[in-house]
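Have a look at the structure below before the remarks.
The values are calculated or read from the model by the stated rules, or taken from the named source; none is laboratory data. None of these values were measured; they are calculated from a predicted model. Positions of Cβ are generated from backbone atoms using ideal geometry, with glycine treated the same way; all protein chains shown enter the neighbour counts.
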Amino acid sequence: MPDYAPERTALFIDGANLHAASRLLGFDIDYRALLDHVRSQCKLLRAYYYTAVLDTDEHNPIRPLVDWLAYNGYRVVTKPAREFTDRDTGYRRIKGNCDIELAVDMLELAPHLDHAVLFSGDGDFRRVVEAVQAKGVKVTVCSTLRVQPPICSDDLRRQADAFIDLADLATEITRRPSEARPRNQAPPPRPAPTRATPAEPFAEEPEVSNGE
């Protein structure tokens, strides 16, 4: 990631889309390393993480990761996912996203930013990127072009001021087997998030679209 040291920067992470991209590239993301890497390159004001969560499963493996993120520097925004059965295949499907929440937060924070970094390839974000740019904010999109079919929308990539391929960050943000996320360690006390309860996709992800 280029050095943007003087710039006031915020991360906006589309959890399901980033999870899908990293898995297709063959690695798991170390979210502590991601935060440290970004902080070393700019003046990071906020790091938002958005995901849909299926509340009906009390043992959903998403929850430990979501809790960890909330206690380790991320503002986590969640939304209930919807479970249904696909009529054509008979398979159980989960659908849900936080696109509107991400777009609203990006627009609200824009007056305080020089640079917004969007971790998503979803073309539905093209218009909000354009709106944020009109407020004088530079927008970088981080996704990947190195999988087939492509997971990053051409429209979104063209709209962005800069594009970073997630594969180029792999050496900096890959979670190593010896760096397993602490699950039973008691987190330090912190105020409860004002907008949502912590959460992230891990096992079963909501459907991902590149929005084209």
**OP:** Consider Leu145 carefully, then state whether it is more than 12 Å from Leu25 (Cβ to Cβ) and without any contact (Cβ under 8 Å) to a residue 60 or more places away in the chain.
**Re:** no
Original post:
If we keep just the residues of segment 156-171 that are surrounded by fewer than 18 Cβ atoms within 10 Å (Cβ to Cβ) and more than 18 Å from the chain's Cα centre (by Cα), which is nearest to Ala33 (Cα to Cα)?
Top reply: Thr171
**OP:** Would you kindly identify the strands (runs of 3 or more DSSP E) lying entirely within segment 94-183 that contain at least 2 residues that are over 15 Å from Ala21 (Cβ atoms)?
**Re:** 115-119, 138-143
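Return the residues of segment 101-126 that are free of Cβ contacts under 8 Å to residues at least 24 places away in the same chain and charged (D, E, K, R); say none if nothing qualifies.
The answer is Glu108, and nothing else.
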Subject >> Residue pairs meeting the criteria (Cβ under 7 Å; at least 6 apart or on separate chains; first under 15 Å from Phe125 (Cβ atoms) and without any contact (Cβ under 8 Å) to a residue 40 or more places away in the chain, in segment 13-32; second charged (D, E, K, R) and surrounded by fewer than 22 Cβ atoms within 10 Å (Cβ to Cβ)) >> reply: none
Original post:
Looking at this structure, is Asp88 under 23 Å from Tyr31 (Cβ atoms), at pLDDT below 90 and not in a strand (DSSP E or B)?
Top reply: no
Original post:
So how many residues does segment 1-12 have that are hydrophobic (A, V, I, L, M, F, W, C), buried (at least 16 other Cβ atoms within 10 Å of the Cβ) and modelled with pLDDT under 95?
Top reply: 1
Original post:
In segment 13-62, how many are in a loop (DSSP other than H, G, I, E, B) and either out of contact with any Asp or Glu (no Cβ under 8 Å at 6 or more places or on another chain) or modelled with pLDDT under 95 (or both)?
Top reply: 11
Subject >> segment 33-84 - residue that is in contact with a Lys or Arg (Cβ under 6 Å, 6 or more places away or on another chain) and without any contact (Cβ under 8 Å) to a residue 24 or more places away in the chain and, of those, surrounded by the fewest Cβ atoms within 10 Å (Cβ to Cβ) >> reply: Phe84
